[in-house]
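Everything below concerns the one structure shown next.
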Amino acid sequence: MKRAKCGFSFIEITFTLLIVGALMIPVLNIFSAGSHITIRSRNDVLALQHASNLLAYAYTLPYDALLTQAVTIVNDVEVDISGEMVSLGMPEPIFTRTVQVTEVTPANWKYSYKLVEVAVSWEESNGINREIKMGGLVSK
C-alpha cells in the first residue's frame, strides 16, 4: 500500500513566500507614508500652539511694554518681548520662534496700535523648511 503525500514541497513554499512578500511591500509603504503624515501634522499642531502662546502673551502686556523690535527665540524657556523674562514653556529643539512688533500711527488718527507677528519655523525630516505665522493687533 502506498502512503499518501501530505505537505508542500520546498519550491511551493518558496513561491508562496515570494508572492506574499511582494504583496506586503505596498502595505508597508502605506504604513510608512501614514507615519510621515502623522509626524508632519504633529509638528503643525505644535507650531500653532507655540505661536498662539506667544501671541496670547503679547495680548496680556500693557501697550507700552511691548518692545518694537524683532526677537528671535531659539530653544529658550524664557522670552523677552517686553523688557522682562517670562517663561512660556520649552518647545522642541526643532522650532525657532520669532516675534516682530511694529508700531503704526496712521496720519489724521488719534490712536496708534502695534502689530504683533509671531512666526514659528522648523525643518522637517525630509529637509523641507516650514513656517507658520500668526498676527494680531494691540491698541492703546
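Bridgeable lysines around Lys5 (alpha carbons under 23 Å apart, same-chain partners fewer than 8 residues away excluded) are absent. When you filter the chymotrypsin sites (Phe, Trp or Tyr not before Pro) in region 1-69 for DSSP loop state and at most 15 other Cβ atoms inside 10 Å of their Cβ, you are left with Phe8.
None of the figures in this text is laboratory data; all of them are computed from the coordinates on show. Keep in mind that this is a model prediction, so the values were computed, not measured. Note that each Cβ is placed from the backbone with ideal geometry, even for glycine, and that neighbours are counted across all protein chains shown.
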